[in-house]
Amino acid sequence: MTRLHDNEQSWNGETGHIVLPMMQKYIPDINLPHYYCAGPPAFVKAMENMLETSGIDSQNIHLDEFSGYS
């Protein structure tokens, strides 16, 4: 959910940046999944850095940057 302040619908889910504690809350073993990150280059790079510094195997990280918007 983005732009919560512009939306008239209520939202009770997570908000904020995706960080390791948030992932650990929902994923019992963060090393098992494959992670697919797609979006603006800055988002993809931030996710890649967070996953790699969390010890995720680089073979389980898949990235796709969509340039041309922010």
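The values are calculated or read from the model by the stated rules, or taken from the named source; none is laboratory data. This structure is a prediction, so every number in the text was calculated from the model and none was measured. Backbone-built Cβ (ideal geometry, glycine too); neighbour counts: all protein chains shown.
Things to note:
- Residue tally, condition surrounded by 13 or more Cβ atoms within 10 Å (Cβ to Cβ) and either without any contact (Cβ under 8 Å) to a residue 24 or more places away in the chain or touching a His at 6+ places or on another chain (Cβ under 9 Å) (or both), over region 33-70: 11
- Pairs where the first residue, in region 9-25, is under 23 Å from LYS45 (Cβ atoms) and the second is at pLDDT 85 or above, C-beta under 6 Å, 6+ apart: LEU20/SER54; MET23/ILE30
- Counted residues, region 3-27 - those being of a type in the set (D, E, K, R) and under 14 Å from the mean Cα position of the chain (by Cα): 2
- Candidate set: region 40-70, residues that are polar (S, T, N, Q) and not in a helix (DSSP H, G or I); chosen: the one nearest to VAL19 (Cα to Cα): SER54
- In the set (1) surrounded by 11 or more Cβ atoms within 10 Å (Cβ to Cβ); (2) assigned to a loop (DSSP other than H, G, I, E, B); (3) modelled with pLDDT under 95, MET23 fails one condition alone, (2).
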